[in-house]
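K.L.:
The structure's right below; bear with me while I get my questions together.
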Amino acid sequence: MAAMDHSAATDDALVQAARTGDMAAFEELIARHRDKIYARAYTMMRNEDEAVDLSQEAWVKGWQRLVQFQGESSFTTWMTRIVINLCLDQLRKRKRQRAESIEEMDEESGGVERQMPVVTVNPTERLERAELRVRIDEALGKLSEAHRTVLILHEFEHMEYKNIAKTMNCSIGTVMSRLFYARRKMASLLQDLKQPE
Amino acid sequence: MKEDLQLKLQAYLDGELPATECPEVEALLAQDANARALLAELRNTSSALKGYEADLKLSESRDFYWSKIRRAISQPVTGEPVGRLSLGAWLRRILVPAGAFAAITIAVLLALPQPKGSGASFTDVTDSVAFTYHNYDTGATLVWLDYPAENDVATPNTDDTLDL
């Protein structure tokens, strides 16, 4: 049988090869998608070292569970779900350590966001694309973990309310509430960045 | 605006509002400028996020990043191979159920109502697995457990006898 050209193979072919124990195929998958998996971990954890460790742990779990990957979603989507779950586990551990609840945190601050004046300016206007990326990332870092997580899952991972609720182990009502407050807070933060000098 | 209406407005934007509730939100939007402004803000924020996620890249080299993963997935699966139990595990597997069975048997026998009068009795319990001897005068009870190794001695078959 001819040796596989890993760099030219599709993700599906690499997954199939990795399932049979081909580590080189798995390494190629990691090389292709490691930035995305790391980026998701970083946006959730806001810590580079933790993000690197969690992304590597996600790849190890991915290898161990390859037989469970049925191809209903893309391989990267599947891997992203794994790293998100690891990040949530890590956030819950943090919560236990500092007796701060990810389920309850900042819920009380929602009243403030609810009463904020509506931001009428589109934050994407008049800012360079790269600049806006940086600003949005900074603003995300100012949100609570719970609000940031729900925003990431909805806006970046395009998950429905019910799936977010399942992932975060909370009610759909809580998801809706957190998402609303998170968006309002983001609008406010981005508005602040755009104040005329 | 009440909170539940705000959340409905958001669900409407996200396509998550049940069809039966859409007319209520659409009527609100038609008559309330604040509702329209809030919807616009939510939409702007959402679109800003969707299109502008930070483009983060790992600083570690491919080889360095992969080396830790490779070490982890190359480790053999821990745990005792099937069929190669340690002596301790083997003893636990055999003796624990036998001991538990003996204890239950004794407890059951002691709990049974005792016949009046003196003397002694043999009881054959549960299909020859255990035998008990009880002396009513002294209150002593002895239990014999029928281990597999003893079966050959207790009930020798014809072939064994011939071999002797």
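K.L.:
Describe numerically, in nm with one decimal, the distance between label points set 7 Å from Cα along Cα→Cβ at B:Lys57 and at A:Arg32.
P.N.:
Distance between the two pseudo-spin positions: 1.9 nm.
K.L.:
Over the alpha-carbon set of the range B:3-55, work out the extent along each principal axis and list the three values in angstrom, largest first.
P.N.:
For the range B:3-55, the Cα spread along each principal axis is 40, 23, 17 Å.
K.L.:
I'd like the FRET efficiency for A:Arg65 and B:Gln31, computed as 1/(1 + (r/R0)^6) with the beta carbon distance as r and R0 of 56 Å, rounded to 0.05.
P.N.:
Given R0 = 56 Å and the Cβ-Cβ separation, E is 0.60.
K.L.:
Also: Which ³J(HN,Hα) values, rounded to whole Hz and listed in residue order, are derived for the range A:147-161 from phi using the Karplus coefficients 6.51, -1.76 and 1.60 in 6.51 cos²θ - 1.76 cosθ + 1.60 with θ = phi - 60°, glycine and proline given as x?
P.N.:
Result, ordered by residue: 5, 5, 4, 5, 5, 4, 5, 7, 7, 9, 9, 6, 8, 6, 3 Hz.
K.L.:
Here's something else I'd like to know. What is the set of long-range amide H partners of A:Glu157 at a cut-off below 5 Å, with H atoms built 1.01 Å from backbone N?
P.N.:
Result for A:Glu157 returns nothing.
K.L.:
Determine the alpha carbon to alpha carbon distance for each of A:Lys142/B:Lys50; A:Lys93/A:Lys166; A:Lys185/B:Lys2; A:Lys61/A:Lys93; A:Lys185/B:Lys8; A:Lys36/A:Lys166 and list only those over 21 Å.
P.N.:
A:Lys36/A:Lys166
K.L.:
What length, rounded to one decimal in nm, is gained on full extension from A:Thr10 through to A:Lys162, with 0.36 nm per residue of separation minus their alpha-carbon distance?
P.N.:
Difference between extended and current length: 51.5 nm.
K.L.:
Here's another thing I want to ask about it. Extending each Cα 7 Å along its Cβ direction at A:Asn85 and A:Glu48, get the distance between those two points in nm, one decimal.
P.N.:
Each label point is offset 7 Å from its Cα along the Cβ direction, giving 3.0 nm.
K.L.:
Moving to a separate point now. Which trypsin sites (Lys or Arg not before Pro) from the range B:1-63 combine a DSSP loop assignment with at most 13 other Cβ atoms within 10 Å?
P.N.:
Those that pass, being in a loop and sparsely packed, are B:Lys2, B:Lys57.
No value in this document is a laboratory result; all are computed from the given coordinates. No experiment lies behind these values; they were computed from the predicted model shown. In this analysis, Cβ positions are derived from the backbone assuming ideal geometry, glycine residues included, and neighbour counts consider all displayed protein chains.
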